[in-house]
1. Could you sort B:165-171, A:130-136, B:136-142 so that the peptide with the highest average Cβ count within 10 Å comes first and the rest follow in order?
2. Within 10 Å of each Cβ in B:116-124, how many Cβ atoms from other chains are there, averaged over the peptide?
3. Restricting things to alpha carbons, find the Rg to Rh ratio for the stretch A:225-271 using the Kirkwood radius for Rh.
4. What Rg and what Dmax come out for chain B when only alpha-carbon atoms are used, in angstroms?
5. Taking 1 over the mean of 1/r across every pair of different Cα atoms in the stretch B:83-206, what Kirkwood radius in Å do you get?
6. If the stretch B:257-314 were replaced by its equivalent ellipsoid, with semi-axes equal to the square roots of 5 times the Cα gyration tensor eigenvalues, what would those be, largest first, whole Å?
7. When you count, for each residue, the other Cβ atoms within 10 Å and take the mean per peptide, how do A:143-150, B:15-22, B:214-221 rank with the highest first?
8. What does the highest-first list of B:187-195, A:85-93, B:300-308 look like by mean Cβ count within 10 Å?
Amino acid sequence: MKSSLGFLGSGVRGFGSANGLRRLVSIFLMVAGCGQRQASESELRVVSLVPSVTEIVYAVGAGKALVGNTNQCSFPEAARSAYKVGDFMSPDLERIVALRPSLVFLTLPMHRQLLDKFAELKIPTYVSRPGDIEAALREIDTVAQLLGHRTAGESLVAGMRRRLDSIAPSADTPRVYAEISGTPLMTAGGGTFINELLVRAGGRNVFASSAQEYPVVDPEAVLAADPEVILLLHPDMSARDVAARVGWGGISAVKKGRIYEKLDEDLLFRPGPRIVDGVVLLARLLHSETTRS
Amino acid sequence: MRRPSLAWAGLILLLVSAAALSVAIGPGGFSGTNLGAVMNLRLLRLVLGVVAGGVLAVVGASLQGLLQNPLADPFTMGVASGAALGTSLTLVLGRTAGAFAPVGGFAGALATMLLVYALARVRGRVTVTGLVLAGVITSFLFSSLVMLAMILGRRTLGEAVYMMMGHLGPVFTGTTVWIFGAVAVLSIAGCAWLFSMSRSLDIMSSGEEAAETLGVDTQQVTKTVFVISSVLVGMVVSFTGAISFVGLVVPHLVRMLFGPEHRRVLPGSFVAGAGILLLSDVLARNIVPGGLPLSIVTALVGVPFFIYLLRSRL
């Protein structure tokens, strides 16, 4: 059900605004890409406002076409030295337009106003908004096609699928509390990307039933849920800080010392080529007890 | 109504039932493996609610009496926002400074109190409208500055919202729970001190000139009430953020029950403030999963009352 949302959110705009045009446009760009490969590669001027898409661009070997990205586009290393058009949350329209891009990658709801501006300026855009792992894999294919690197995309996705399938389902599914903010306490609900990664890694999100995507939670609700593993997905607090919270001493995760800090959040929040690394990381943390024994 | 014993019974019943509800109902349920710890958290929250509600209402009652101003309260005078700003600044400065949040809250509160009083004083007189206007303007300014401090300090937006709209659910650590213990004791002491000034406040509320002819050192009383109020509000806000309307509305309700004498109004406000804040918190945390900022609930009750005050008493 979440995938349909993701699909609705994605699509190429610029030549027209309907979602149905996505395929048409991608075919058009592909034809341009295949027909005169040399010419089109030098003409392709891509701006990515989405860190996960920036990762895809490099992973399919189209890094050269990228003329601008955001301050948050930190992976791979080469992405750091690219021209910056501002923050992910507030990119600068003038800098983007000055780059004369032939395609801009953006996401919603963050870049709603920019999307309308680009439509006015007739700058082609692609909206990235994958709702789940499957949609993220499809998006890698689509982005690769748009960049004229279809085969690289296909082999990347095939490799990712193989690695995903090789992660064996485990018998025990520990209860997990993933904290994304310490003041106030905030976690990820059932509809989020990170929730799916947790499930794939063999865990059970204790707040999966939440209606909100990133709900604020009451401390006592965490005590009552008694998680067996706590993942700290914000940098300002350490495992020791969490263990020192009044009343938290009785939580299974605290008793067993299973609070994990300083995790690479980008692996868990970015629906890009490294999601499988995210699942592998989580699987290792969630089942570290069994692997050790 | 002029039957104090009956009114007292009513207020105490309100507080006891609010306390019972706040211990019995919560997102953690009433069973499960960590029930003991959940109960401890609820008791801590109960104490915080009693202290915060009591302090805000007592300070509101004292300021209203002192300034002969029915609209004076820690929130309308901008003092709560000032305390929130002081607290935010200490939090943003870092972990060690964060332990001094109550001190930052007090400094912000006192500075705001003096600033607003100075702004409102035109030709030696502080008018009702002048004070409220100065308070509202200062409050707007300081709310923006809280937001600015939080953004520059890379804190979350959620934290800024809770700081400006109040809550009773801070996550205590081993250290902060001791600091809170000290704050709770100091708060009760501060309220008792204001209570001991009931007689002077009674005389002040009939006008400054009259008070001086009756031998009250008005300067001294004003200074003392300002400083105690700032200490109290600053400390409370550093834990709960800025909670609106309790300090404004509760004293008026209590005066309807007991009449204007401060030796009744002040303790009555403490009990009623504690009870009403606890009830608001029960609503705020149980209606919506994850809880609402407290001022949403207190404002929903407080604003109609505020309008009533504006239209009938001024």
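Nothing in this text is a laboratory measurement; each read-out follows from the coordinates by a stated rule. Quick caveat: nothing in here was measured; it's all calculated off a predicted structure. Here the Cβ is made from the backbone with ideal geometry for all residues, glycine too, and neighbour counts use every protein chain on show.
1. Highest to lowest by the protection proxy: B:165-171, A:130-136, B:136-142.
2. Neighbouring Cβ atoms belonging to other protein chains average 0 per residue here.
3. When Rh is taken as the Kirkwood radius, the ratio is 1.01.
4. Cα radius of gyration and Dmax of chain B are 18.8, 66 Å respectively.
5. When all Cα pairs of the stretch B:83-206 are included, the Kirkwood radius is 16.5 Å.
6. Working from the Cα gyration tensor, I get semi-axes of 26, 17, 6 Å.
7. By packing density, highest mean first, the sequence is A:143-150, B:15-22, B:214-221.
8. Descending mean neighbour count gives B:187-195, A:85-93, B:300-308.
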